[in-house]
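S.K.: Before anything else, here's the structure in question.
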Amino acid sequence: MSSSTAYPTLFSPLTLGGVPVRNRLAHASIQTRFIHDHAPTETYLNYMTARARGGTGLIVTEPLAMSIYNRDNYKLRAWDDNGLSGLQQVADAVEQHDCRLVGQVQDPGRGRHSIGRNDGAVGASALPDDLSWTVPRVLTVAAIEALIESWTDAAHRLQRAGFSGVELSAGHGHLFHQFLSVWSNRRDDRYGGDLDGRARLLTELIGSIRARCGRPFIIGLKLPGHDGIDGSITLDDAREIATVVAATGDVDYWTFAWGAHANSLHDHLPDAHGERHPYLEAIRDLRSVAPGIPTGALGYLTDPNECEKALTDGTADLAFLGRPLITDPAFGNKARIGKEATIRYCVSCNSCWRAIIEGNRLACDNNPRVGMADEDAPTFEASNQSQRIVVVGGGIAGLEAAWVAAARGHRVTLFGASDEFGGKTRLHAALPGGENLSSIYDYQYLTGKQHGVHFEFGVKATLADITALQPDRVWVATGATMATPEFIPEEYADPDIVPDVRTLAVQMLGRSGREPGRMVVVDGDHTEMTYAVVELLTERFENVSLVTPRERIASDVSLINRQGIYQRLSDKRVDIVTNAAPHDLDALDEAAIDVVNVWSGHRQRIDDVVGLTYATTRIPNDALIQELVDAGIDARPLGDCFAPRGVMAATRQGYEVAMDL
């Protein structure tokens, strides 16, 4: 620990369960999908090592396969000794860097994020999951007792493998949470009824693990705060649960989580549409039940200043970060030595969550190197021959390619038609909920400057501009333009009459106040930026209608973010019309639009219309490429100019083309 750090509390040691921890920066449990056939892959070991080596004091693993009911092949095998060697590999990768490794004990019960039901689910009572409608098989008393024994055996196995402890995940709507809630636990045996009964599964397990593993050994706990379900767990209930659990005397740290497997799922991972670190005040209140138990701050903490404040104002003793440590595994080292400006910051977009829930591997919008061997301190191997590279386009794909190529020793010039860098991502960053996106292009630009990229902004590069530099190759990252939808007749195909949502957003950002009448948005895009524009429009017009030909909105958005979009648009009283498309625009002369149901042909009129805009799929702006090719120049498209794509695909492609040189 550096005595000169600006964050003396964050980088001060503490002891948990008799185990010394070098600092108070903790990696919250995040599923990676880097496990294969229950064993750690090289990518998984890289991931864990990078974060331990990068300055994190404690890492909580993703949920482990610890019982007969929970043996997904993308989880580490901990239910018997056949998995011991794999567990030892993970423990060695982390603990050798003076970072404590804690294994998470969790079972989803009836909870399921994925499409379809979970036929193997078990639970407290025969009640459906709100999201998948999975009805679990009810655990008998004997089955519960066997589960406690299985989890205890597995915890002891982790201890034998070199883990420093376990964390019992009793929040987020998982199995322990389902037992704790009077809404989801309707049992009348010893594991139901009053709070002592509903908490018995958890308290007996805590006692069993302590009896088997003794001390030193960390037993951590994640408990529910407000779970957002009517009739379930409120903050008052959470306080009572905490009181019962604290009475065991065996909890070495705890933290509190929000949301559940329900319409409150989006409370689990708050983003920039709400206030920063929204749960700290409630966590401070909940810890007062047992102030002696070290408490973790959790929920939308993204920078070291926020962590330090939470550790010094009475809220917490540890700072649990998940998404920010995916984005930059060296977060701890950089903060400790005063290099916060070099941290690649999390944008809280939840793309990482989407990647793992939809069955892919963990990935990040702002870190295309997740899981690489030198991720915490990348060393860019110099190319065999330095090349002259020209990048045309100042969006995030071009910026990423430019700085990485320069870091590898190439001479890079980037032309940007705008006076500012960032492309369409800069516009999105100016819209509601988008502010964190600025950290992507800010990092790329500053790092590019450090590596010698020559930037020319406010220049719409011509063939002559490019050939004058005698480039070895050119990457064209000039973006894409929204296609004019077929329902707009030629006489209205003018952005001054019917603009696309981006054009309209630029106009609206320069205004204030609300205009009377209704703005109609026709959504053929279904990406996050469209709904950010819709939110902006609710601030500029008395009424907003959102029309889409699909059966729902936000089809190209993760479940957790889609919930947030529905919540916000519903709160702002946006009129959402699904399965419909404009029939024609003849009624515009009467301040109305006719939309037609795409299945039945039924016509519906929207009145009091003062404006119309649209979001559609995009067409690449790739005309420059053919000019360059005809001139004998190696020119390749990048980003939206290659094919319209999201942030993650853009940064990854920029990184990969530069590494392929």
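S.K.: Residue by residue through the stretch 652-661, which ³J(HN,Hα) values in whole Hz follow from phi under the Karplus form 6.51 cos²θ - 1.76 cosθ + 1.60 (θ = phi - 60°), with glycine and proline marked x?
M.R.: 5, 5, x, 5, 5, 5, 6, 6, 7, 4
S.K.: Apply the a/c threshold of 1.5 to the C-alpha gyration tensor of the stretch 254-332 and tell me whether it is rounded, prolate or oblate. Each step should come with its number before you reach the end.
M.R.: Values: a/c = 1.78, a/b = 1.08, b/c = 1.65.
Oblate, since a/c reaches 1.5 and b/c is not below a/b.
S.K.: For helix 396-407, report the angle its Cα long axis makes with the longest principal axis of the Cα atoms of the chain; keep it between 0 and 90° and round to the nearest 10°.
M.R.: Taking the Cα atoms of the chain, the angle to 396-407 is about 80 degrees.
S.K.: For the pair D584/T203, report the inter-label distance in nm, with labels modelled 7 Å from Cα in the Cβ direction.
M.R.: 7.3
S.K.: Here's another thing I want to ask about it. Packing-wise, with mean Cβ within 10 Å as the measure, how do 529-540, 459-470 rank, highest first?
M.R.: On the way: 529-540: 22.9, 459-470: 14.3.
Result, highest mean first: 529-540, 459-470.
S.K.: Can you pull the one-decimal nm distance between simple spin-label points at Q626 and E340, each 7 Å off the Cα toward Cβ?
M.R.: 5.1
S.K.: Next question, about the same structure. Which length gain, in nm to one decimal place, applies between A591 and R276 when the Cα-Cα distance is subtracted from 0.36 nm times their residue separation?
M.R.: Numbers: separation 315, 0.36 × 315 = 113.40 nm, distance 4.08 nm.
Answer, rounded to one decimal: 109.3 nm.
S.K.: Something else about it: What order, most packed first, do the peptides 498-508, 138-148 have when packing is the mean number of other Cβ atoms within 10 Å of each residue? Please report the intermediate quantities before stating the final value.
M.R.: Values: 498-508: 19.1, 138-148: 15.6.
Per-residue Cβ counts within 10 Å, averaged per peptide and sorted highest first, yield 498-508, 138-148.
S.K.: Take R212 and T467, extend 7 Å from each Cα along the Cα→Cβ direction, and tell me the distance between the two endpoints in nm.
M.R.: 7.5
S.K.: So who's got an amide H within less than 5 Å of the one on L221, skipping anything under 5 residues away but keeping other chains? H placed 1.01 Å off N, in plane.
M.R.: Amide H neighbours of L221: L168, Y253, W254, T255.
S.K.: Something else: Whose amide H sits under 5 Å from the amide H of L612, counting only residues 5 or more places off or on another chain, with H placed in the peptide plane?
M.R.: Counting only residues 5 or more places away or on other chains, the set is V520.
S.K.: If you don't mind, there's one more thing I want to ask. Please sort 92-103, 108-119 by packing, taking for each peptide the average over its residues of neighbouring beta carbons within 10 angstrom, highest first.
M.R.: Details: 92-103: 21.7, 108-119: 17.8.
With the highest mean Cβ count within 10 Å placed first, the list reads 92-103, 108-119.
S.K.: Please identify which residues in the stretch 484-523 have an amide N closer than 17 Å to a label point set 7 Å out from the Cα of I576, following the Cα→Cβ vector.
M.R.: Within reach of a label on I576: 520-523.
S.K.: Sticking with this one: The list (i) 55; (ii) 58; (iii) 66 gives values of percent of Cα pairs over 32 Å apart, and only one came from this structure; which label was calculated from it?
M.R.: Only one option fits the structure, namely (i).
S.K.: Something else now. Sequence-distant or interchain residues sharing an amide H contact under 5 Å with N543, placed H: which?
M.R.: Amide H neighbours of N543: G517, M519.
S.K.: Right, something else. Gain in length, I115 to R137, computed as 0.36 nm per residue apart minus the alpha-carbon separation, to one decimal in nm? Walk me through the numbers before you get to the answer.
M.R.: On the way: separation 22, 0.36 × 22 = 7.92 nm, distance 1.90 nm.
Taking I115 through R137 to full extension adds about 6.0 nm, to one decimal.
S.K.: What FRET efficiency comes out for the pair H36/E491, r = Cβ-Cβ distance, R0 = 60 Å, nearest 0.05? Write down the numbers at each step before the final one.
M.R.: Values: r = 58 Å, r/R0 = 0.97.
Here the calculated transfer efficiency is 0.55.
S.K.: Based on the alpha-carbon gyration tensor of the stretch 41-94 and its eigenvalue square roots a ≥ b ≥ c, which shape applies: rounded if a/c is under 1.5, prolate if not and a/b is larger than b/c, or oblate? The partial results should precede the final answer.
M.R.: Working: a/c = 2.26, a/b = 1.97, b/c = 1.15.
Prolate, since a/c reaches 1.5 and a/b exceeds b/c.
S.K.: Against the longest alpha carbon principal axis of the chain, how many degrees, from 0 to 90 and to the nearest 10, is the axis of helix 200-213 turned?
M.R.: Roughly 70 degrees, rounded to the nearest 10.
S.K.: With every protein chain kept in place and ligands, DNA and RNA left out, what is the accessible area per residue of the chain? Probe 1.4 Å, answer in Å².
M.R.: On the way: 25550 Å² over 661 residues.
Heavy-atom accessible area per residue stands at 39 Å².
S.K.: In addition: Principal axes first, then extents: for the Cα atoms of the stretch 348-408, list largest minus smallest coordinate on each axis, whole Å, largest first.
M.R.: Taking the Cα atoms of the stretch 348-408, the three principal extents are 41, 29, 18 Å.
S.K.: Can you tell me the FRET efficiency between R239 and R186 if r is taken as the Cβ-Cβ distance and R0 is 25 Å, rounded to the nearest 0.05? Provide the component values of the computation, followed by the final result.
M.R.: Values: r = 23 Å, r/R0 = 0.91.
After rounding, the FRET efficiency stands at 0.65.
S.K.: Once fully extended, how much extra length lies between R636 and A247, figured as 0.36 nm per residue of separation less the alpha-carbon to alpha-carbon distance?
M.R.: Additional length available on full extension: 133.6 nm.
S.K.: Given Cβ point charges of +1 (Lys, Arg) and -1 (Asp, Glu) and nothing else, what value in debye, to the nearest 20, does the dipole of the chain about its Cα centre take? Please list the in-between numbers first.
M.R.: Numbers: 62 positive and 86 negative charges, 423 e Å.
I would put it at about 2020 debye.
S.K.: Right, something else. Of the options A480, G524, I466, report the single residue whose Cα projects farthest towards the positive end of the charge dipole of the stretch 466-539 (beta-carbon charges: Lys, Arg +1; Asp, Glu -1).
M.R.: Value: I466.
The values are calculated or read from the model by the stated rules, or taken from the named source; none is laboratory data. Note that the coordinates shown come from a computational prediction; the quantities given were computed from them, not determined experimentally. No Cβ is skipped: glycine too gets one built from the backbone with ideal geometry, and neighbour counts run over all protein chains shown. Note: areas computed on protein heavy atoms with side chains; ligands, DNA, RNA excluded. Shrake-Rupley method; radii C 1.70, N 1.55, O 1.52, S 1.80 Å.
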